[in-house]
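Data block below; observations after.
No value in this document is a laboratory result; all are computed from the given coordinates. Computed from a prediction, not measured in an experiment: that's the story for all the values here. So basically every Cβ, Gly included, is an ideal-geometry build from the backbone, and we count neighbours across all protein chains shown.
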Amino acid sequence: MENNKIIIRRLEDTLMEKGSCGARRRLITEKDSDFVAFSHLKISDAKKHYHEKTTEFYYVLRGEGILLTDEGSIYLKEGTLVMIHPRVGHRAVSKGNLEVLIVMSPPLGEAGDYFSCKGE
């Protein structure tokens, strides 16, 4: 973890990487904080998965879509916030340009806390 008291990240200055749910830019990672992580995500080709220990928050910045979960489907539109508890399978499906802010607690870390839902 850095010793800085303030960390500033700008979206345009962060690396775009392919993740399991689309194109992601990590804003705050486990290297910055041991209790929370932030990522900007453009949803595409998401795979159904779950996290063993991480609670995940989806906040929709732009676009529309559906969040398919073990509990049912949730319509996503700008301004929607969804909290997904650990061990709940989920997959977001975009109806175009779905962009979300993902907050995770605790952070996934480089090794991850990601488990694919078999057969889905």
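Among Ser44, Ser73, the order by Cβ neighbours within 10 angstrom, fewest to most, reads Ser73, Ser44.
Projecting the Cα atoms of Val88, Phe35, Ala23 onto the dipole axis of the chain, where Lys and Arg carry +1 and Asp and Glu carry -1 at the beta carbon, places Ala23 farthest toward the positive end. Under the 0.36 nm per residue contour assumption, what length would be gained going from the current alpha-carbon distance of Arg9 and Thr55 to full extension? Length gained between Arg9 and Thr55: 14.3 nm.
Largest GNM mean-square fluctuation across Thr54, Thr14, Thr69, computed for the chain with C-alpha springs under 10 Å, falls on Thr14.
Placing +1 on the Cβ of every Lys and Arg and -1 on the Cβ of every Asp and Glu, with no other charges, gives segment 9-81 a dipole of roughly 260 debye about its Cα centre.
Short to long, the 5 Å bins of the Cα pair-distance histogram for the chain hold 2, 11, 21, 26, 20, 12, 5, 2, 0 percent of all pairs.
Each residue in His90, His40, His85 was given a count of other beta-carbon atoms within 10 angstrom of its own, and listing them fewest first yields His85, His40, His90. Remark: Ser116, Ser33 ranked as Ser116, Ser33, counting other beta-carbon atoms within 10 Å and listing the fewest first.
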